[in-house]
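Here the structure is laid out as structure tokens; the discussion comes afterwards.
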Amino acid sequence: QRLLDLTFARSVVGDDENREHETRRREFLRYTAAFAGIALTGMGDEPWHRLSAALQGRNRIDDTAVDNLELLTVGFGNLYQSVAPGALEAPVRSHMEHLTQLLTGSGQSELLRHRIASLAGETSILLGWIAQDQDDHGVAQRFYMTALDAADEAYDGALGAYAIASASTL
């Protein structure tokens, strides 16, 4: 909420604290805008392209799209260090939904599916940390265990270890 207030309020030129808030606000907006761009351009530039691709069962996910999703996942992880968990929760949940939709679709190679599963696992761990910060330990535990399932799907041992280590903090 604080970041949204800062987003739409005029900042006063002044002390270091205002500059730090402005830097965090811009970083938050940059990652949120990047997510919106990835989510909206996944199957084409125009809405009719996306609808046509969905109706024909075509999936245009490729290495570049997964690279962009990876950058976004890492960006959300970096923002977690400086942005209030409540401000990140909705965009990170939306990112998880997008990754989940890609996993339920067909047409991507096995390698891309493993990469997407790894990203979904990392995102699930981040959502676990957010839930834990909000004292919702039951939800956090479910996110960590789901991340472990994603790590298994992706054959990603390091991600599995991270999920277990995260769960052990509860």
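When the stretch 133-150 is filtered for residues that are surrounded by 15 or more Cβ atoms within 10 Å (Cβ to Cβ) and among the acidic types (Asp, Glu), the ones remaining, listed by number, are ASP133, ASP149.
Identify all residues within the stretch 80-92 that are hydrophobic (A, V, I, L, M, F, W, C) and more than 13 Å from LEU127 (Cβ to Cβ); write none if there are none.
Quick first cut of the stretch 80-92, residues hydrophobic (A, V, I, L, M, F, W, C) only: 83-84, 87-88, 90, 92.
Correct list: VAL83, ALA84, ALA87.
For the stretch 96-115, taking the residues that are hydroxyl-bearing (Ser, Thr, Tyr) and under 15 Å from ALA150 (Cβ atoms), the one that is surrounded by the most Cβ atoms within 10 Å (Cβ to Cβ) is identified as THR100.
Report whether or not SER118 is in contact with a helix residue (DSSP H, G or I) (Cβ under 9 Å, 6 or more places away or on another chain), in contact (Cβ under 8 Å) with a residue 40 or more places away in the chain, over 24 Å from ALA65 (Cβ atoms) and surrounded by 20 or more Cβ atoms within 10 Å (Cβ to Cβ). Answer is no for this residue.
Can you find a residue that is over 27 Å from SER82 (Cβ atoms) and in contact with a helix residue (DSSP H, G or I) (Cβ under 7 Å, 6 or more places away or on another chain) anywhere in the stretch 123-142?
no
Coordinate-derived values only; no laboratory data. Fair warning: this is a prediction, and the values are worked out from it, not measured in the lab. Every residue, glycine as well, gets a Cβ built from its backbone with ideal geometry; the counts of neighbours run over all protein chains shown.
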